[in-house]
Ligand SMILES: [Zn+2]
């Protein structure tokens, strides 16, 4: 489960920031998770919770995951578009270019996993 190593590097960033600010507790950790980051949000959350049990600094922290809608570049007309996240009821719906209706869309960006904000005290 590579989510665990991602969470560990995230926690290392959080610890470094808390140390810089002389904080003893972290209250909120906001993470921006690109839709093509290859991370399963539930696994990420699970790994974070496992880590919280061994780290008093993170023990009371709330994990906020923000997932922007995926962006695509059309391979036929070159138009960039943002399409809504496929829902659980229709996960395999074929995305199509809103400009030319081509199904040949290439994921554009969205692979980032960024510690966006933390609140601490
Ligand atoms: Zn197109």
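Values quoted throughout were computed directly from the atomic coordinates according to the rules given, and no laboratory measurement underlies them. Small disclaimer: the values here were computed from a predicted structure and weren't measured. Note: ideal-geometry Cβ built from the backbone for every residue, glycine included; neighbour counts use all protein chains shown.
Going through the range 39-51 one residue at a time, which ones are over 13 Å from residue 66 (Cα atoms) and touching a helix residue (DSSP H, G or I) at 6+ places or on another chain (Cβ under 8 Å)?
The answer is 43, 46, 47, 48, 50, 51.
Take residue 11 and tell me if it is part of a helix (DSSP H, G or I) and under 15 Å from residue 57 (Cα atoms).
Yes: the conditions hold for residue 11.
Among the residues of the range 96-107, are any part of a loop (DSSP other than H, G, I, E, B), away from the ligand (no atom under 16 Å from the Cβ) and out of contact with any helix residue (DSSP H, G or I) (no Cβ under 6 Å at 6 or more places or on another chain)?
Within the range 96-107, not a single residue is part of a loop (DSSP other than H, G, I, E, B), away from the ligand (no atom under 16 Å from the Cβ) and out of contact with any helix residue (DSSP H, G or I) (no Cβ under 6 Å at 6 or more places or on another chain).
How many residues does the range 56-76 hold that are closer than 12 Å to residue 11 by Cα and surrounded by 15 or more Cβ atoms within 10 Å (Cβ to Cβ)?
4
Which residues, taken from the range 46-81, are part of a loop (DSSP other than H, G, I, E, B), under 30 Å from residue 104 (Cβ atoms) and in contact (Cβ under 8 Å) with a residue 24 or more places away in the chain?
Result: 67, 68, 69, 70, 75, 76, 77.
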